[in-house]
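Q: My questions all concern the structure below.
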Amino acid sequence: MTTILNKPATIICLMACLAATALQAQVRFTDATSTAGINHQFVVYDGMFGGGACVLDVNNDGFDDLYLTSGMNDDQLLLNQKNGSFKNIFEGSGLELTRKYVTQGVTAADVNRDGWVDLFITTITTKEERLPVPRAENLFFLNNGNNTFRDATAEYGLEDLYSFSTGCAFGDFNADGWPDLYVGNYFLDYDGPLTEINDATIVNASKTAEGYLLLNKNGKAFKDVYSDYGLNHRGFGFGGLFTDYDNDGDQDLQVLHDFGYKAKPNYLLRNNYPDKSFTYVEKEAGLDLRINAMTAAVGDYDNNGFLDYFITNIKFNRFMVSGGAGKPYTDKAEELGMGFFTISWGANWADFDHDGDLDLFVANGDLNPNCQPMGDFLFENKDGKFVDNARAAGIQEYGIGRGSVIFDLENDGDMDLLVVNQKAVKNYPMPSVTKLFRNDSTHGNWLKVALEGVNAEKHGIGSRLTVVAGGRRMIREIDGGTSSHLSQNSTTVHFGLGEATTVDSVIVTWTGGKRQVLTGQAVNQLLTIKETGERVETKEERGLVFYAGMAVAALVIVLLVVRFFRRKSGLS
């Protein structure tokens with residue numbers, strides 16, 4: 001009798017234990033906006049556009065800081081206080097010049113290789129008068145090394161590049177160690193209110209813009225080499241992503257366009273390094289998407305050695321999965337559980353739960369001023385397919401989302417998340433302010449890797465990391481920007497390792513061709529790797545050497561044959 005009476009209690013206890021185990025296996029976030037001292041909201045100019053964030057280490061103390069663009073509000077420079085909070089040091093930083101402009105996107109790199117990370121900020125117009133756009137230059141600031149910056153826009157030859165600019169990304173497309181830039185531009189000019197942009201106005205405007213391909217001239221100036229490198233596209237640009245899609249060791253360029261079905265599609269440009277040119281290959285790659293592309297988040301979701309791209313869009317996002325070497329990409333969003341109707345902007349791949357595969361956060365938000373609430377997504381990777389667990393993880397936020405970034409707030413080994421939200425132009429049923437979510441998941445081992453370039457870019461932008469651990473081979477690229485809408489993630493790379501207790505190998509493929517291998521590394525640490533090693537020839541260079549050798553051999557044979565016949569004929 002006692003056994004029978006205790007069965008329900010036993011079953012209930014067992015179910016509770018199973019539920020607790022399930023919860024422990026999920027990602028858990030805490031809204032840390034208030035405790036971190038963040039008070040930010042992006043205010044639009046007329047409507048729709050803007051909201052970028054950049055992760056950078058302003059003072060080289062090993063903790064990630066933040067720069068937030070704010071549109072019509074003051075931008076913010078948030079210094080990490082090493083205790084889970086930030087201090088806004090914008091006032092007195094030398095960045096106050098941005099108050100004159102409507103800022104949009106932001107990215108950072110050590111442009112002059114002096115050891116301090118610098119800032120590039122895109123703008124669409126100035127605030128003084130509401131005149132036709134664009135009528136402002138983008139802004140470039142050099143880091144002084146004391147928590148202040150100085151305006152170097154004119155010094156670096158950028159003062160005459162008036163544009164309506166959106167996403168910006170650093171890369172090193174000529175592999176010389178000096179970080180270059182791609183800047184996406186939206187309009188040549190536009191004299192209507194931005195709240196009225198729709199299919200009809202876009203088609204009638206016919207004012208698509210070229211981007212900027214800015215070559216870094218030994219850390220002293222930028223030169224626009226757009227046409228010099230064979231670029232000739234125009235479109236409603238939301239930026240471009242430097243990425244090595246074909247695994248050949250150089251940085252290619254994926255270009256993102258809004259209203260692709262009415263104007264110009266997305267483009268993929270293959271880098272022909274060491275030749276100074278790009279080739280348009282989007283059609284054969286299957287990436288000539290005619291959508292409203294807002295960003296492209298890059299990650300190898302199935303750990304097969306080929307990068308995949310999640311591209312945010314209005315209505316349905318696209319998950320372009322690599323078919324392998326030389327094969328086209330295929331959209332598998334619906335097949336893999338990501339086929340939701342929404343309007344998405346920022347997106348971030350990260351192993352939030354440290355189980356050895358990549359999960360995906362997606363920031364959603366309606367067009368301003370429509371502003372219907374849309375919850376964000378957190379797609380957890382479950383054996384190669386995805387389940388949206390945003391609500392269970394405490395991260396299904398309903399602000400008007402735009403850019404988003406991942407970084408390690410407290411240097412505790414997991415990836416935290418910041419989402420930039422816009423203020424609604426019209427009434428909105430809930431607050432829409434920028435949010436910081438602290439990752440409070442505790443299971444699984446991890447590894448963080450920071451690169452220190454000597455010949456390559458100082459933080460390794462454009463380089464690739466491969467980690468082998470626990471039977472998995474995982475790859476990451478060092479983020480240079482536009483890998484989330486108008487934003488840039490931390491350049492410190494993170495790997496979840498699951499139950500692996502050692503890292504078998506860490507392989508760095510530096511821009512410029514050097515390859516560096518470390519073996520037998522400990523888990524749960526930040527590993528800093530300084531560039532050493534020998535340069536590895538690319539397959540193209542090996543091919544050139546082979547054919548050159550064949551040509552020399554053929555020439556020798558011809559000369560020997562000629563000499564033989566000359567002797568035979570008595571001419572020698």
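The values are calculated or read from the model by the stated rules, or taken from the named source; none is laboratory data. These figures come from a predicted structure and were not determined experimentally. Don't worry about glycine lacking a Cβ; one is built from the backbone with ideal geometry, like all the others, and counts go over all protein chains shown. Calculation scope for accessible area: heavy atoms of the full protein, side chains included, ligands and nucleic acids excluded. Shrake-Rupley method; radii C 1.70, N 1.55, O 1.52, S 1.80 Å.
Q: List every residue pair whose Cβ atoms sit under 9 Å apart, with the two residues 6 or more apart in sequence or on different chains, where the first one lies in segment 510-527 and is assigned to a loop (DSSP other than H, G, I, E, B) and the second, anywhere, is of a type in the set (Lys, Arg).
A: Once the first residue is assigned to a loop (DSSP other than H, G, I, E, B) and sits in segment 510-527, its partners that are of a type in the set (Lys, Arg) give Trp510/Arg464; Trp510/Arg535; Thr511/Arg464; Gly512/Arg535; Gly513/Arg535; Gln525/Lys448.
Q: May I pose another question? Given the condition open to solvent by 40 Å² or more (accessible area, probe 1.4 Å), assigned to a loop (DSSP other than H, G, I, E, B) and without any contact (Cβ under 8 Å) to a residue 60 or more places away in the chain, answer yes or no: does some residue in segment 348-363 qualify?
A: No, segment 348-363 contains no residue that is open to solvent by 40 Å² or more (accessible area, probe 1.4 Å), assigned to a loop (DSSP other than H, G, I, E, B) and without any contact (Cβ under 8 Å) to a residue 60 or more places away in the chain.
Q: Kindly state which strands (runs of 3 or more DSSP E) lie completely within segment 300-346 and contain at least 3 residues that are at pLDDT 95 or above.
A: So the answer is 308-311, 318-321.
Q: Would you point out the residue of segment 277-327, among those that are in contact with a Phe, Trp or Tyr (Cβ under 7 Å, 6 or more places away or on another chain) and more than 30 Å from Asp199 (Cα to Cα), that is surrounded by the most Cβ atoms within 10 Å (Cβ to Cβ)?
A: Gly299
Q: Okay, next question. Can you pull out every residue in segment 438-452 that is hydrophobic (A, V, I, L, M, F, W, C), closer than 26 Å to Gln26 by Cβ and open to solvent by 10 Å² or more (accessible area, probe 1.4 Å)?
A: Trp446
Q: Does Gly239 satisfy the condition of being surrounded by 19 or more Cβ atoms within 10 Å (Cβ to Cβ) and either at pLDDT below 95 or touching a helix residue (DSSP H, G or I) at 6+ places or on another chain (Cβ under 7 Å) (or both)?
A: The answer is no for Gly239.
Q: Here are Thr148, Thr126: which of them is surrounded by fewer than 24 Cβ atoms within 10 Å (Cβ to Cβ), more than 16 Å from Asp258 (Cβ to Cβ), out of contact with any Leu (no Cβ under 9 Å at 6 or more places or on another chain) and of a type in the set (Ser, Thr, Tyr)?
A: The unique qualifying residue is Thr126.
Q: Condition test on Asp61, is it assigned to a loop (DSSP other than H, G, I, E, B), open to solvent by 10 Å² or more (accessible area, probe 1.4 Å) and either free of Cβ contacts under 8 Å to residues at least 60 places away in the same chain or of a type in the set (Gly, Ala, Ser) (or both)?
A: When the stated conditions are applied, Asp61 passes them.
Q: How many of the residues making up segment 256-266 are touching a Leu at 6+ places or on another chain (Cβ under 8 Å) and surrounded by 23 or more Cβ atoms within 10 Å (Cβ to Cβ)?
A: The number of residues fulfilling the criteria is 2.
Per-residue answers, yes or no, for (1) among the aliphatic types (A, V, I, L, M); (2) modelled with pLDDT of 95 or more; (3) within 29 Å of Asp388 (Cβ to Cβ); (4) not in a loop (DSSP other than H, G, I, E, B):
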position: Leu18; (1), (2), (3), (4): yes, no, yes, yes
position: Ala22; (1), (2), (3), (4): yes, no, yes, yes
position: Asn73; (1), (2), (3), (4): no, yes, no, no
position: Leu78; (1), (2), (3), (4): yes, yes, no, yes
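Q: Go through segment 259-268 and give me each residue that's modelled with pLDDT under 95 and under 16 Å from Phe316 (Cβ atoms).
A: If the condition is that a residue be modelled with pLDDT under 95 and under 16 Å from Phe316 (Cβ atoms), then Phe259, Gly260, Tyr261 are the ones that fit.
Q: Something else now. Restricting the search to segment 408-437, which residues are surrounded by fewer than 24 Cβ atoms within 10 Å (Cβ to Cβ) and closer than 30 Å to Ala175 by Cα?
A: Asp408
Q: Quick check on Gly105: is it surrounded by fewer than 22 Cβ atoms within 10 Å (Cβ to Cβ) and either modelled with pLDDT of 95 or more or assigned to a strand (DSSP E or B) (or both)?
A: Answer is no for this residue.
Q: Next up: Would you tally the residues in segment 169-213 being assigned to a strand (DSSP E or B), under 29 Å from Arg464 (Cβ atoms) and open to solvent by 10 Å² or more (accessible area, probe 1.4 Å)?
A: Final tally of qualifying residues: 1.
Q: Additional query: Show me the strands (runs of 3 or more DSSP E) entirely contained within segment 379-486 in which 3 or more residues are within 25 Å of Leu526 (Cα to Cα).
A: 400-407, 416-422, 435-439, 445-452, 464-469, 472-477
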